[in-house]
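Encoded as structure tokens, the structure appears first; notes follow it.
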Amino acid sequence: MVIPVYNTMPYLADLLDSLAAQDLDPALFEIVAVDDGSTDMSGEVLDAFAAAHSNIRVIHQENSGWPGKPRNVGIAASQAPYIFFCDADDLLGPEALRRMVDYALANDVDLLVPRMVGLGGRGVQSGLFRETYLDVDLRKILGTLSPQKMFRRSMLDRHGIRFPEGMVRLEDGLVLARCYLVSERTSLLADYDYYYLRTRDDGANISSQRTSPESYTRSVSEIARILTEGDSNAERAGLLVLDLYRRKCLRFYAPDRFRKINRRQARRWMSEHAKFAQRYISPALEEQLSFPHRQRSALVRAGDLDGLRRLAAAEPFVQAKARAVSVLWESDQMSMEVALAPAGELDSLELVVRGRASNKCSTQRFDPLPAEPGKYFAKLDCASLAGFGPVIVDLYARATKDGFTGLEHRVAVDTSLPLPAPASDVRTYATVNGKLSVDMRTKQPS
């Protein structure tokens with residue numbers, strides 16, 4: 001294990017306790033902790049731990065200002081066939097090292113990605129860790145570019161892979177991009193909570209520090225270059241870069257984040273992202289983005305800061321979820337009221353009816369209910385539904401505000417809401433996922 005350490009008390013003590021609690025024989029793993037010129041008690045705590053545990057080596061050095069150099073120093077000092085990079089303010093589950101080592105040795109793994117869990121509000125990509133993969137898809141695994149993974153040392157040495165030194169943003173992503181491309185087997189383990197990422201109470205995580213648009217986007221561009229030049233599959237490389245663009249560039253325009261950025265800073269981000277898009281994102285690639293990322297990208301290219309602001313203001317409302325609050329049948333006509341959350345004034349709300357397992361679709365407008373903000377009304381007659389044939393049809397809502405149209409979403413319904421008895425050839429029902437559908441497969445007695 002390689003641990004870069006800089007002023008990480010009291011979190012460092014928790015990490016060391018979690019390492020001492022590992023159920024892997026201490027003789028089978030070494031810890032190289034590199035104290036990068038700490039000015040708190042981190043260095044002394046490391047020395048005390050080393051005095052009590054024979055499998056840890058502590059290296060003290062002058063402050064380098066960033067984790068890259070201490071990680072490289074740790075690589076050079078380590079003798080193990082596998083290296084796991086750990087941050088000093090995080091924790092490991094007590095079975096983590098044994099499980100990872102056993103799996104890597106049994107399956108000849110070059111790069112092992114363990115399931116991570118957030119602490120203190122730290123966000124993690126929980127969807128990534130739902131299933132274990134012996135050979136994980138490259139596009140899937142590029143969703144995680146953090147260094148808390150286990151690397152085969154010979155892979156790092158054979159390809160000359162080391163961390164950039166100095167204050168380089170996304171330095172871990174630069175390393176991971178290269179490793180993913182050259183790894184002959186990258187595995188993802190989701191059977192245990194291996195690693196706990198922590199948000200520090202003092203806000204001193206490097207990821208929380210203020211970011212320069214120019215230096216950050218320069219690193220994103222370098223990752224894109226690595227992917228473009230390193231993947232022999234040009235079509236896949238384009239998709240990898242598109243995913244990178246969506247995650248590392250277009251996310252800055254998400255409403256909660258974008259509203260906190262002043263106009264001068266926003267223009268700097270927009271300018272850098274436009275340069276990136278011009279270099280790496282073809283119009284054909286951009287077309288593969290969905291709402292709101294495609295709209296963000298188009299506005300970035302156009303240099304339309306006001307348009308980005310309008311989009312950010314509209315996004316929560318055009319992505320509002322519709323929930324049926326009343327469903328009635330009168331003669332051969334279904335009346336439906338829906339409530340939107342969040343509620344807001346829209347240009348329009350459409351009811352989209354789609355036949356399941358068919359390409360048939362019809363669209364009509366919802367009408368706003370007077371004096372009831374956020375509530376809308378629509379009617380469906382059996383004659384229009386009959387054109388779909390004896391199938392199940394699903395109901396969607398699609399909102400437009402300030403010229404921006406969001407994705408369509410299934411109309412939800414509470415299972416406790418009374419639904420009308422079958423009328424004519426149809427019946428309405430709530431799916432197991434709480435969505436409203438109409439079943440036209442069974443002719444009801446007249």
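Read the figures in this text as sums done on the coordinates, not as results from a lab. Nothing here was measured: the structure is a model prediction, and the numbers come from that model. Backbone-built Cβ (ideal geometry, glycine too); neighbour counts: all protein chains shown.
Using the charge dipole of segment 8-76 (Lys, Arg: +1 at Cβ; Asp, Glu: -1 at Cβ; taken about the Cα centre), state which of L19, W66, I31 has its Cα farthest towards the positive end.
Of L19, W66, I31, it is W66.
Could you work out the local net charge near S437, counting Lys and Arg as +1, Asp and Glu as -1, over the other residues with Cβ closer than 14 Å to its Cβ?
Counting the neighbours of S437, the net charge comes to +4.
Straight-line reach from K360: which aspartates and glutamates fall under 19 Å, measuring Cα to Cα and dropping same-chain residues less than 8 apart?
Correct list for K360: E350, D381, D394, E408, D425, D439.
Points 7 angstrom from Cα along the Cβ direction at R259 and R153: gap in nanometres?
So the two model labels end up 5.2 nm from each other.
Can you tell me the 0 to 90 degree angle between the C-alpha axis of helix 263-280 and the longest principal axis of the chain, rounded to 10?
Helix 263-280 sits roughly 90 degrees off the main axis of the chain.
If you wrap a convex hull around the alpha carbons of the chain, what volume per residue comes out, as a whole number of Å³?
On the way: hull volume 81.5 nm³, N = 446.
Here the figure is 183 Å³ per residue.
Can you tell me, using C-alpha contacts under 8 Å and at least 6 residues apart, the relative contact order of the chain as a whole percent? Walk me through the numbers before you get to the answer.
Values: 820 pairs, mean separation 46.4, N = 446.
Across the chain, relative contact order equals 10 percent.
Looking at the chain only, what percent of DSSP beta bridges run antiparallel? Nearest 5 please.
DSSP beta bridges in the chain are roughly 70 percent antiparallel.
Quick check on packing: order 142-151, 113-122 by the mean number of other C-beta atoms within 10 Å, highest mean leading.
Working: 142-151: 20.2, 113-122: 17.3.
With the highest mean Cβ count within 10 Å placed first, the list reads 142-151, 113-122.
What FRET efficiency, computed as 1/(1 + (r/R0)^6) with R0 = 22 Å and r the Cβ-Cβ distance, is obtained for E62 and R225, rounded to the nearest 0.05?
0.10
Where does segment 250-369 land on the Kirkwood hydrodynamic radius, alpha-carbon pairs, in angstrom?
This gives a value of 17.1 Å.
Name the GluC sites (Glu not before Pro) in segment 258-358 that are in a loop by DSSP and that have at most 12 other C-beta atoms within 10 Å, would you? The partial results should precede the final answer.
Details: sites: E272, E286, E287, E330, E337, E345, E350; in loops: E287, E345.
For GluC sites (Glu not before Pro) across segment 258-358 that sit outside H, G, I, E and B with at most 12 neighbouring Cβ atoms in 10 Å, the list reads E287, E345.
Net charge near F317: determine it from the other residues with C-beta under 13 Å of the C-beta of F317, scoring Lys and Arg +1 and Asp and Glu -1.
Overall, the nearby charge balance is 0.
For helix 171-182, report the angle its Cα long axis makes with the longest principal axis of the Cα atoms of the chain; keep it between 0 and 90° and round to the nearest 10°.
Roughly 80 degrees, rounded to the nearest 10.
For segment 105-237, what number results from the quotient of the Cα radius of gyration and 2.2 N^0.38 Å? List each step's numbers first, then the result.
Details: Rg = 15.4 Å, N = 133, 2.2 N^0.38 = 14.1 Å.
The reported ratio for this selection is 1.09.
Please sort by residue number the chymotrypsin sites (Phe, Trp or Tyr not before Pro) in segment 181-284 whose DSSP state is loop and whose Cβ has at most 11 other Cβ atoms within 10 Å.
Passing both the DSSP loop test and the Cβ count: no residue.
Please give the charge dipole size of the chain, origin at the Cα centre, charges +1 on K and R Cβ atoms and -1 on D and E Cβ atoms. Round to the nearest 20 debye.
In total the dipole reaches around 1580 debye.
Considering only DSSP beta bridges with both partners in segment 2-208, what is the antiparallel share in %, to the nearest 5?
30
Among the listed pairs K375/K401; K321/K401; K149/K248; K140/K321, which have their C-alpha atoms separated by more than 26 angstrom in this model?
K140/K321, as the Cα separations exceed 26 Å there.
Principal axis extents for segment 319-439, Cα atoms only, whole Å, descending order, please.
38, 30, 27
With a Förster radius of 41 Å, plug the Cβ-Cβ distance of S358 and D137 into 1/(1 + (r/R0)^6) and report the FRET value to the nearest 0.05.
0.85
What aspartates and glutamates does K260 reach when the alpha-carbon gap must be under 18 Å and sequence neighbours fewer than 8 apart in one chain are set aside?
D304, D306, E315
Could you tell me what a quarter of the Cα convex hull surface of segment 214-261 works out to, in nm² with one decimal place?
Mean projected area for segment 214-261: 3.5 nm², to one decimal.
Mind giving me the nanometre distance, one decimal, between the label points for D23 and E235, set 7 Å out from Cα along Cα→Cβ?
Taking the simple label geometry, D23 and E235 are separated by 4.6 nm.
Using only Cα atoms and rounding to the nearest 10 degrees, what angle (0 to 90) does helix 293-302 make with the longest principal axis of the chain?
80
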